[in-house]
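*Asks:* Dumping the structure here so I can ask a few things about it.
The values are calculated or read from the model by the stated rules, or taken from the named source; none is laboratory data. This is a predicted model, so every value here is computed, not measured. Note that each Cβ is placed from the backbone with ideal geometry, even for glycine, and that neighbours are counted across all protein chains shown.
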Amino acid sequence: MTEAVGLIVAAIIAGAVAFVSLIISKEQSISEFRQQWIDELRKDISDVIACVSGIHGESIVADNNNQTLWNRVKSDFTRLKAVVARIRLRLNPKEKREREGPATKAVLNALKELESIFASPQPQFHKLEPIVEALVTNAQVILKENWDRVRSGEPIYRGTKIGGLIVAGAGLIYWLYKVLCHQG
């Protein structure tokens, strides 16, 4: 009888260990993907700024010939549109987290303003600096919030870790109780 109970307890422990290992593995993969997402978003934000700066710089030194200017900025403009699209696809416009939600909306608005400036036949380049500043400031909030999630682990991982510590602590207390009761 005690042998059967021991086998059942061993099977339960093995199942729990396998379950916890599965959760940890899954959550580690999620964290790795989130870190990759952070790195790509950071790169795309810097690409937007580089394109904006390149287009603005070319417009300053260009003559009054729009075709010549277009030929000089075409690749930056095309890259800007592609990178803006990638950022939009990465961000959730309905993000609800306390700090990340407003920052996400601000980044998306800044991108829309940048596109609006460059869509105009007479771009208002004097508006670029505050928009780029808002883009960077709010992207930093998004990046930090996601980095904090990577560093501390996903919620399921944190819950599993706390649950494991509670079970281990309870097991230790039970073992100590049994050892002390049998000695006295």
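*Asks:* Taking the options A170, A103, A110, A85, name whichever one is surrounded by fewer than 17 Cβ atoms within 10 Å (Cβ to Cβ), of a type in the set (A, V, I, L, M, F, W, C), more than 30 Å from L22 (Cβ to Cβ) and without any contact (Cβ under 8 Å) to a residue 60 or more places away in the chain.
*Replies:* A85
*Asks:* Could I ask something else about it? For the list (1) within 30 Å of I12 (Cα to Cα); (2) loosely packed, with under 13 Cβ neighbours inside 10 Å; (3) small (G, A, S), I need the number of the one condition that G164 fails.
*Replies:* Going through (1) within 30 Å of I12 (Cα to Cα); (2) loosely packed, with under 13 Cβ neighbours inside 10 Å; (3) small (G, A, S) one by one, G164 breaks only (2).
Per-residue answers, yes or no, for (1) over 17 Å from I45 (Cβ atoms); (2) at pLDDT below 95; (3) assigned to a helix (DSSP H, G or I); (4) in contact with a helix residue (DSSP H, G or I) (Cβ under 8 Å, 6 or more places away or on another chain):
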residue: R97; (1), (2), (3), (4): yes, yes, no, yes
residue: E115; (1), (2), (3), (4): no, yes, yes, yes
residue: P123; (1), (2), (3), (4): yes, yes, no, yes
residue: E133; (1), (2), (3), (4): no, no, yes, no
residue: E145; (1), (2), (3), (4): no, yes, yes, yes
residue: Y157; (1), (2), (3), (4): yes, yes, yes, yes
residue: K161; (1), (2), (3), (4): yes, yes, yes, no
residue: A170; (1), (2), (3), (4): yes, yes, yes, no
residue: I173; (1), (2), (3), (4): yes, yes, yes, no
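*Asks:* Which residues, taken from the stretch 27-51, are free of Cβ contacts under 8 Å to residues at least 24 places away in the same chain and basic (K, R)?
*Replies:* K43
*Asks:* Does N71 count as at pLDDT below 90, surrounded by fewer than 16 Cβ atoms within 10 Å (Cβ to Cβ) and not aromatic (F, W, Y)?
*Replies:* So N71 passes the test.
*Asks:* If you don't mind, there's one more thing I want to ask. Sort through I45, I8, I23, I13 and tell me the only one that's within 28 Å of the chain's Cα centre (by Cα), in a helix (DSSP H, G or I) and at pLDDT below 85. Talk me through it step by step, then tell me what you get.
*Replies:* Values: I45 fails: at pLDDT below 85; I8 fails: within 28 Å of the chain's Cα centre (by Cα); I13 fails: within 28 Å of the chain's Cα centre (by Cα).
When all the criteria are applied, what remains is I23.
*Asks:* Considering only residues that are hydrophobic (A, V, I, L, M, F, W, C) and assigned to a loop (DSSP other than H, G, I, E, B), look in the stretch 50-95 and name the one that is nearest to the chain's Cα centre (by Cα).
*Replies:* Ranking the qualifying residues of the stretch 50-95, first place goes to L91.
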